[in-house]
1. Can you tell me which residues in the range 61-93 are hydrophobic (A, V, I, L, M, F, W, C), closer than 15 Å to LEU44 by Cβ and open to solvent by 60 Å² or more (accessible area, probe 1.4 Å)?
2. Being outside any helix (DSSP H, G or I) and crowded, with 16+ Cβ neighbours inside 10 Å is true for just one of ILE58, ILE31. Which residue is that?
3. So for the range 77-88 (the condition being under 20 Å from ASP20 (Cα atoms), in a loop (DSSP other than H, G, I, E, B) and not acidic (Asp, Glu)), does at least one residue qualify?
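The values are calculated or read from the model by the stated rules, or taken from the named source; none is laboratory data. Computed from a predicted model, the values in this text were never measured in an experiment. Here the Cβ positions follow ideal geometry from the backbone for every residue, glycine too, while neighbour counts run over all protein chains shown. SASA here: full protein model, heavy atoms, side chains in, ligands and nucleic acids out. Shrake-Rupley method; radii C 1.70, N 1.55, O 1.52, S 1.80 Å.
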Amino acid sequence: MAEEKNMVEEEMDDVLILVDEEDQEHPFQMIDMVEVDGGQYAVLVPLEEGAEEDEAIILKIVQDENGEDVLYDIEDDEEWEKVVDIWNDSQQG
């Protein structure tokens, strides 16, 4: 698992293109990774003009059947709150 994390860390400067429900592409940059209860989460900031400077999204990193990292929305409110709290705490310390 450490190798996969290193691979993602090396790509943090890369621009990720996320596609929304309307097939619109949006560029993001990964600024951090958080590990919570054995799961990994990517913290992304939008690179589009007009985006709020302090705006960020957090997506869960899951490996698909081919071993590729795939980003998913966090649908469980409790999981979301826990990840956000841990990330916020890491930013203050």
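1. Scanning the range 61-93 gives a single hit, TRP80.
2. Result: ILE58 is the single residue among ILE58, ILE31 that is outside any helix (DSSP H, G or I) and crowded, with 16+ Cβ neighbours inside 10 Å.
3. The answer is no, given that none of the residues of the range 77-88 is under 20 Å from ASP20 (Cα atoms), in a loop (DSSP other than H, G, I, E, B) and not acidic (Asp, Glu).
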